[in-house]
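Please read the structure below before turning to the comments.
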Amino acid sequence: MTGNRHAELFTATLALAFSLLAAIPAHGQSGIDQRIAWETSQVQGTPDPPLPYMTRIAFPHQQFLEPLATGQLEGLPYLLILERPGSLFAISSNRTSSEKHLVLNTGRTSFGVAAHPDFRDNGFIFIMHVMGEEIDEQTGSRISRYTVSRQPPFQADPSSEQVIIEWPRGGHNGGCLRFGPDGYLYIATGDGSGIADQLQTGQKIDDLLGSLLRIDVDSQADGRNYSIPENNPFILRTGLHESTRPEIYSFGHRQLWKYSFDTATGDLWGGEIGQDLWEMVYRIKKGGNYGWSVREGSHPFRPDRPQFRIEIEDPVVEHSHNDFRSITGGFIYHGSRLPELTGNYVYGDFDTGKIWTFRYSKEKVRGHRELADTAIRLVAFGEDQEDELYLLDYAGGRIHELVESPPAQETLSDFPARLSQTGLFASTRDHTPAAGVIPYNVNSPLWSDGATKYRFLAVPGNGTIDFDDVNYPQPAPGAPPGWRFPDGTVLVKTFALQLETGNPESEVRLETRILHHKKMDGPDNGYGAQVWRGYTYVWNRRQTDAFLLGRDSLDRELTIRDPAAPGGSRKQTWHFPSRSECTLCHTMSAKYVLGVNTLQMNRNFDYHGTVANQISTLSHIGIFSTPVEQGTDDLPRLVSPQDDSATLDQRVRSYLHANCAHCHRKWGGGNAEFQLLAPLPIGETGTIDIKPDQGTFQLNEARLIAPGAPERSLIYHRMNLLGLGRMPHIASSVRHEEAIQMVEQWIRQLTEKDIGAPTGFDRSE
């Protein structure tokens, strides 16, 4: 079907839909006069088999701010919890206790903690810090030892700090600390780079970067506050360069994010964060080479780079970025509460919250499977004195544990395999929404490689939405909750693309994505109240229906007729996201729903000839649990990047908010520590004249945003890239040239006055 015919049918059938929505013509400020209940929903259950485990809060009386690491006080019933801003706490291992002691506040960004195995005798605790700008970058990562009282309240003496070892800071600083069964301290350093091992340290053993170190902190030698274990691998080998660092235990690591020792065998297991395509689990061996950056896991990455003359070890398990995005290494389970998992390695993913397991026996992986699909930012696993496993949630600040799932009440047959079976459309062929399904649009759409998007809101029955006038720039979870949706709500977005540039008649529908809200057990402000599942339906070539995509993603190459392309055509890859990929953007910190909020919905919409504000319309027909009393002029809104009546600053900030801020916000999952929320003054975003900590891409004097100098601005540079380092990095393979030019102009014009100016998004300003 041609796009022109498609548009005609859409207009005609949309009129039919509105005749079902409205009993009489719309009037006043409402585009719809009367609500018609959506009664046709068949979106229920799940197409996936139920998972055997779920999580629950293990320590109900404990909560922390950005916890990153945990440890034990050997022989004492206390656990250590380290917060990223530098506070270290000791809590009772009794899960019903509220006992909590502030051991130390370093005031430094802190990544790792370990208590000495003989803590009860010496009171030593070791913390890994990343020092501030006043410290030279070559010594910016530091392990310090503190002396702590050996009984509650476990107070540390700040003046007791002894610097043990330092290495350069950079994009990947490592930071995990563990004492091994041999009594030595193991330290992960990271490759010091943010992208592609730009320092090319991965295959070198003459510096400390990209390595796992092993040192003896109970003795001193050679002017250091530690000594080298005599059986470390690179002091015993002959023929090595004289500058070889003997502290190295293994190398070729990009960023080991948590490792642990099997208490039964002493084997060392770690999760390695990959870059482009893969996340890995390794059994780490003394002297092992783990391949970075010649390889990413078992796959070539930069095979042209020099490889150190030790054979590369393969990962035990790999996950593609269809499933995982930022692995968190775990433990071999030896507790008693979950006997089915005894002897299994349990690990997970920071970005998706998924938890997996396997058993390793006779050099083979057995029983590799997904255990749980959670909503937490899984930053670390820990063990208590009983070898029971617990999980740290970076965003929510709570400590969780695995529990068996209750018997499944949903069946696989419940979920519609075709879009036509969902009850969302009166006609999929004509793309006509069902009665009660309401079309909408957003102020600043996400760039989707030139696609046109058709959006619908489906609230079942007489369900209502709790309205929130603004939830920015306050960070989650302390911010207002955003719009809260009733059980069974479905958000619909269809992507259509012109197969001939500039010809609307060539438009075809490619996919329809839905977000389905399922009310789970849990308090209203807990995770249970905000569980969304994402699914993709792929349209057939006849444009009559769309079929449910499986768990994995799909790439399809399209031929686009384009007069500007060489030969008059070009290839474009369209990426259909996996279900895991949906969770990378639709996160707790982003309120899960990216487009249906006040900033995006406060705009006019053409309701079949009646142009009215969307929020006013929804309020008029009773979609909100309480009518919106404020006038829409008093409510905040983004602007369209194409709106010439808005300022350049407003247009750019709206664009960055829509395309970047779901990750680049507090606890949003973006690796770089800055925020791009539009209502936040640009001077408070952590971008202006800030050195990038995820690689410079060889830009001269690189900054995230360098006012007046887009050529030095990393945000602008990464918008221009394709492939490695591109932003946005998910589901986009085409540059947004119009936006690139707009951002370039904005950066060139940025002045000190602009940096400190009000945002213009909050109508109360």
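Quick look at the values:
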{"quantity": "Distance from the stretch 182-213 to the stretch 316-379 (C-alpha centre basis), Å", "calculated": "24"}
{"quantity": "Calculated FRET efficiency for the pair ASP182/ARG337, C-beta based, R₀ 35 Å, to 0.05", "calculated": "0.75"}
{"quantity": "Viscosity 1.002 mPa s, 20 °C: Kirkwood-radius Stokes-Einstein D of the stretch 683-746 over Cα pairs, µm²/s", "calculated": "177"}
{"quantity": "Å³ per residue enclosed by the Cα convex hull of the stretch 366-426", "calculated": "180"}
{"quantity": "Contour excess over end-to-end distance, with Cα ends at ALA757 and GLU386 and 0.36 nm allotted per residue", "calculated": "128.0 nm"}
{"quantity": "Pair GLU500, ASP644: separation of 7 Å Cα→Cβ label points (nm)", "calculated": "2.8"}
{"quantity": "Sorted largest first, extent of the stretch 53-404 alpha carbons per principal axis (Å)", "calculated": "56, 48, 36"}
{"quantity": "Ranked PHE415, PHE324, criterion: other C-beta atoms within 10 Å, fewest first", "calculated": "PHE415, PHE324"}
{"quantity": "Environment charge at GLN642 (Cβ cut-off 14 Å; Lys +1, Arg +1, Asp -1, Glu -1)", "calculated": "-2"}
{"quantity": "DSSP-defined beta bridges in the chain - what % are antiparallel, rounded to 5", "calculated": "95"}
{"quantity": "The stretch 166-255: GluC sites (Glu not before Pro) in DSSP loop, at most 14 other beta carbons within 10 Å", "calculated": "GLU230, GLU242"}
{"quantity": "Sorted by Cβ density within 10 Å, fewest first, the residues ARG418, ARG369", "calculated": "ARG369, ARG418"}
{"quantity": "Descending semi-axes in Å of the chain, equivalent ellipsoid built from Cα gyration tensor", "calculated": "47, 29, 26"}
{"quantity": "Cα-based equivalent ellipsoid of the stretch 638-765: semi-axis lengths in Å, sorted from largest, via gyration tensor", "calculated": "21, 16, 15"}
{"quantity": "Whole-percent pair-distance distribution, where bins are 10 Å wide, for the alpha carbons of the stretch 171-319", "calculated": "12, 44, 34, 9, 0"}
{"quantity": "Computed label-point distance, nm, for sites ARG309 and LEU722 using a 7 Å Cα→Cβ extension", "calculated": "4.1"}
{"quantity": "Fewest-first sequence of ARG224, ARG309 by Cβ atoms within 10 Å of each Cβ", "calculated": "ARG309, ARG224"}
{"quantity": "Cβ-derived FRET efficiency at R0 60 Å, HIS299 paired with SER405, nearest 0.05", "calculated": "0.95"}
{"quantity": "Amide H contacts of MET727 (H built 1.01 Å from N, under 5 Å, at least 5 apart or other chain)", "calculated": "MET719, LEU721"}
{"quantity": "The chain - percent relative contact order, Cα under 8 Å, separation 6 or more", "calculated": "12"}
{"quantity": "Mean residue ellipticity (222 nm) of the chain, computed from DSSP H runs ≥ 4 via -39,500 (n - 2.57), nearest 500", "calculated": "-3000 deg cm²/dmol"}
{"quantity": "Positive-end residue, the chain charge dipole about Cα centroid, Cβ charges, pick of TRP574, ILE235, VAL163", "calculated": "TRP574"}
{"quantity": "Per-pair calculated FRET efficiency, R0 = 25 Å: LYS519 and ASP48 via Cβ, rounded to 0.05", "calculated": "0.90"}
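Since every read-out is calculated from the coordinates, none of them should be taken as a lab result. Everything numeric here is computed off the predicted structure, so don't read it as measured data. All Cβ positions, even for glycine, are placed from backbone atoms using ideal geometry, and neighbour counts span all protein chains on display.
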